[in-house]
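Notes follow once the structure below has been shown.
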Amino acid sequence: MADPRPHTDPATPTETGCDGGCETETAGGSDRRTFLKEGLMAVAALTAVAGASVPLDAMTRGYMVGTAAGAGLATISYPIPTTDGATIDRANKVILVRYQGMVHALARECPHKGTMVDWQPEQNRLYCPKHKSTFTANGTRIQGKAPRSMDRHPIRLEGGKLVVDTATVIEGDGANWATTGVKVG
(Lines give C-alpha, C1' and ligand atoms only; values in the text may rest on other atoms or scores of the structure.)
Protein backbone atom coordinates (compact mmCIF):
# COMPACT_ATOMS: atom_id res chain seq x y z
CA MET A 1 0.00 0.00 0.00
CA ALA A 2 1.31 3.47 -0.81
CA ASP A 3 2.25 5.94 1.94
CA PRO A 4 -0.59 8.57 2.06
CA ARG A 5 1.74 11.26 3.50
CA PRO A 6 3.36 13.60 0.99
CA HIS A 7 7.16 13.43 0.89
CA THR A 8 9.21 16.52 0.07
CA ASP A 9 12.69 15.34 1.12
CA PRO A 10 14.57 13.77 -1.80
CA ALA A 11 15.96 11.05 0.53
CA THR A 12 12.60 9.78 1.67
CA PRO A 13 11.95 6.17 2.62
CA THR A 14 9.81 5.62 -0.46
CA GLU A 15 12.68 6.63 -2.74
CA THR A 16 15.30 4.55 -0.89
CA GLY A 17 13.28 1.39 -0.83
CA CYS A 18 12.17 1.51 2.85
CA ASP A 19 8.56 0.79 3.65
CA GLY A 20 8.11 3.49 6.29
CA GLY A 21 9.92 1.71 9.15
CA CYS A 22 13.47 2.82 8.26
CA GLU A 23 15.38 5.63 9.87
CA THR A 24 17.37 7.76 7.52
CA GLU A 25 20.07 10.30 8.11
CA THR A 26 19.58 13.62 6.42
CA ALA A 27 22.24 16.16 5.59
CA GLY A 28 23.45 17.98 8.72
CA GLY A 29 21.55 15.69 11.13
CA SER A 30 21.93 12.30 12.75
CA ASP A 31 19.76 9.31 13.34
CA ARG A 32 18.42 8.28 16.72
CA ARG A 33 21.02 5.58 17.27
CA THR A 34 23.91 8.02 16.74
CA PHE A 35 22.28 10.60 19.00
CA LEU A 36 21.86 8.08 21.84
CA LYS A 37 25.41 6.77 21.39
CA GLU A 38 26.91 10.27 21.55
CA GLY A 39 24.72 11.18 24.54
CA LEU A 40 25.82 8.05 26.42
CA MET A 41 29.47 8.85 25.68
CA ALA A 42 28.98 12.38 27.10
CA VAL A 43 27.38 11.01 30.28
CA ALA A 44 30.23 8.50 30.70
CA ALA A 45 32.82 11.26 30.28
CA LEU A 46 31.11 13.49 32.86
CA THR A 47 30.87 10.58 35.30
CA ALA A 48 34.57 9.84 34.92
CA VAL A 49 35.50 13.49 35.50
CA ALA A 50 33.21 13.78 38.55
CA GLY A 51 34.53 10.55 40.06
CA ALA A 52 38.13 11.74 39.82
CA SER A 53 37.50 15.12 41.39
CA VAL A 54 38.46 16.04 44.95
CA PRO A 55 35.50 16.46 47.37
CA LEU A 56 34.62 19.96 48.45
CA ASP A 57 35.88 21.07 51.86
CA ALA A 58 32.38 22.13 52.85
CA MET A 59 31.16 18.57 52.40
CA THR A 60 33.79 17.01 54.66
CA ARG A 61 34.18 19.74 57.29
CA GLY A 62 33.56 18.61 60.86
CA TYR A 63 33.00 20.56 64.02
CA MET A 64 35.39 18.58 66.18
CA VAL A 65 37.30 15.35 66.03
CA GLY A 66 38.19 13.47 69.16
CA THR A 67 41.55 11.79 69.57
CA ALA A 68 42.08 8.08 70.07
CA ALA A 69 42.74 7.26 73.71
CA GLY A 70 44.81 4.26 74.69
CA ALA A 71 45.12 1.12 72.59
CA GLY A 72 41.48 0.87 71.50
CA LEU A 73 40.67 2.71 68.29
CA ALA A 74 37.02 2.78 69.32
CA THR A 75 37.88 4.75 72.45
CA ILE A 76 37.96 8.49 71.83
CA SER A 77 38.82 11.27 74.27
CA TYR A 78 37.37 14.78 74.30
CA PRO A 79 37.94 17.86 76.42
CA ILE A 80 35.25 18.51 79.01
CA PRO A 81 32.78 21.11 77.68
CA THR A 82 32.82 24.23 79.84
CA THR A 83 29.21 25.30 79.19
CA ASP A 84 25.87 23.68 78.43
CA GLY A 85 25.37 22.80 74.79
CA ALA A 86 26.41 20.22 72.22
CA THR A 87 29.70 19.39 70.53
CA ILE A 88 29.37 17.42 67.31
CA ASP A 89 32.12 15.07 66.13
CA ARG A 90 31.05 14.36 62.56
CA ALA A 91 33.95 12.04 61.77
CA ASN A 92 33.07 9.66 64.62
CA LYS A 93 29.29 10.29 64.55
CA VAL A 94 29.21 11.33 68.21
CA ILE A 95 27.42 14.21 69.91
CA LEU A 96 28.63 15.25 73.35
CA VAL A 97 25.90 17.11 75.19
CA ARG A 98 26.51 18.96 78.43
CA TYR A 99 23.25 19.86 80.11
CA GLN A 100 22.39 20.56 83.76
CA GLY A 101 25.71 19.25 85.12
CA MET A 102 25.77 16.01 83.07
CA VAL A 103 27.57 15.06 79.88
CA HIS A 104 26.15 12.37 77.61
CA ALA A 105 27.76 10.80 74.54
CA LEU A 106 25.04 10.22 71.97
CA ALA A 107 25.22 8.37 68.68
CA ARG A 108 24.56 11.02 66.03
CA GLU A 109 22.20 8.82 64.01
CA CYS A 110 18.46 9.07 64.50
CA PRO A 111 17.07 5.71 65.67
CA HIS A 112 14.32 5.92 63.03
CA LYS A 113 16.28 5.73 59.75
CA GLY A 114 19.87 6.65 60.65
CA THR A 115 19.77 10.28 59.51
CA MET A 116 22.36 12.52 61.20
CA VAL A 117 20.62 14.68 63.81
CA ASP A 118 21.46 18.32 64.47
CA TRP A 119 21.61 20.39 67.65
CA GLN A 120 19.16 23.28 67.99
CA PRO A 121 20.70 25.51 70.67
CA GLU A 122 17.74 27.89 70.91
CA GLN A 123 15.51 25.00 72.06
CA ASN A 124 18.23 22.93 73.80
CA ARG A 125 17.20 19.91 71.75
CA LEU A 126 18.29 17.53 69.01
CA TYR A 127 16.39 17.43 65.74
CA CYS A 128 16.21 14.93 62.88
CA PRO A 129 15.69 16.90 59.65
CA LYS A 130 14.43 13.93 57.64
CA HIS A 131 11.29 12.92 59.56
CA LYS A 132 11.08 15.70 62.19
CA SER A 133 11.83 13.66 65.32
CA THR A 134 12.97 15.73 68.29
CA PHE A 135 14.92 14.75 71.40
CA THR A 136 15.80 16.48 74.67
CA ALA A 137 19.39 17.47 75.37
CA ASN A 138 20.06 14.09 77.01
CA GLY A 139 18.63 12.19 74.01
CA THR A 140 15.16 11.39 75.37
CA ARG A 141 12.57 11.16 72.58
CA ILE A 142 10.05 14.04 72.57
CA GLN A 143 8.06 13.36 69.40
CA GLY A 144 8.32 12.21 65.78
CA LYS A 145 8.76 8.93 63.92
CA ALA A 146 11.74 7.77 65.98
CA PRO A 147 10.69 4.60 67.83
CA ARG A 148 12.84 5.33 70.90
CA SER A 149 15.26 7.76 72.49
CA MET A 150 18.69 8.27 70.93
CA ASP A 151 21.37 5.64 71.38
CA ARG A 152 24.22 6.44 73.77
CA HIS A 153 27.85 5.43 74.14
CA PRO A 154 29.49 4.65 77.49
CA ILE A 155 31.40 7.67 78.77
CA ARG A 156 33.81 8.18 81.69
CA LEU A 157 36.18 10.80 83.12
CA GLU A 158 39.85 9.91 82.83
CA GLY A 159 42.80 12.25 83.35
CA GLY A 160 40.75 15.42 83.02
CA LYS A 161 39.16 14.29 79.73
CA LEU A 162 35.99 12.56 78.68
CA VAL A 163 36.58 9.10 77.22
CA VAL A 164 33.88 7.66 74.95
CA ASP A 165 33.66 4.02 73.88
CA THR A 166 32.19 4.30 70.37
CA ALA A 167 32.33 0.52 69.81
CA THR A 168 29.59 0.03 72.41
CA VAL A 169 26.09 1.32 71.74
CA ILE A 170 23.43 1.42 74.44
CA GLU A 171 20.09 1.39 72.65
CA GLY A 172 17.76 4.24 73.51
CA ASP A 173 15.46 3.43 76.45
CA GLY A 174 17.21 0.06 76.90
CA ALA A 175 18.87 -1.41 79.96
CA ASN A 176 21.49 0.91 81.48
CA TRP A 177 20.52 3.74 79.12
CA ALA A 178 19.40 6.05 81.93
CA THR A 179 22.63 5.49 83.90
CA THR A 180 25.03 6.53 81.12
CA GLY A 181 26.53 9.94 81.52
CA VAL A 182 29.15 11.74 83.57
CA LYS A 183 28.56 14.39 86.25
CA VAL A 184 30.72 17.47 85.67
CA GLY A 185 31.32 20.85 87.30
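Figures for the structure shown
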read-out	value
Boolean, residue 41 is surrounded by 11 or more Cβ atoms within 10 Å (Cβ to Cβ) and either modelled with pLDDT under 50 or not in a loop (DSSP other than H, G, I, E, B) (or both)	no
Matching residues, the range 172-185, being touching a residue at least 40 places away in the same chain (Cβ under 8 Å) and either surrounded by fewer than 16 Cβ atoms within 10 Å (Cβ to Cβ) or among the small types (Gly, Ala, Ser) (or both)	172, 181, 183, 184, 185
Selected residue [touching a helix residue (DSSP H, G or I) at 6+ places or on another chain (Cβ under 9 Å) and of a type in the set (D, E, K, R)] from 98, 90	90
Tally, over the range 94-142, of residues that are in contact (Cβ under 8 Å) with a residue 60 or more places away in the chain and surrounded by fewer than 18 Cβ atoms within 10 Å (Cβ to Cβ)	2
Enumeration of residues in the range 143-167 that are within 20 Å of residue 90 (Cβ to Cβ) and exposed (fewer than 13 other Cβ atoms within 10 Å of the Cβ)	167
Criterion violated by residue 142 - all others in (1) touching a Phe, Trp or Tyr at 6+ places or on another chain (Cβ under 9 Å); (2) within 22 Å of residue 78 (Cα to Cα) satisfied	(2)
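The values are calculated or read from the model by the stated rules, or taken from the named source; none is laboratory data. Model, not experiment: these values are computed from the prediction. So basically every Cβ, Gly included, is an ideal-geometry build from the backbone, and we count neighbours across all protein chains shown.
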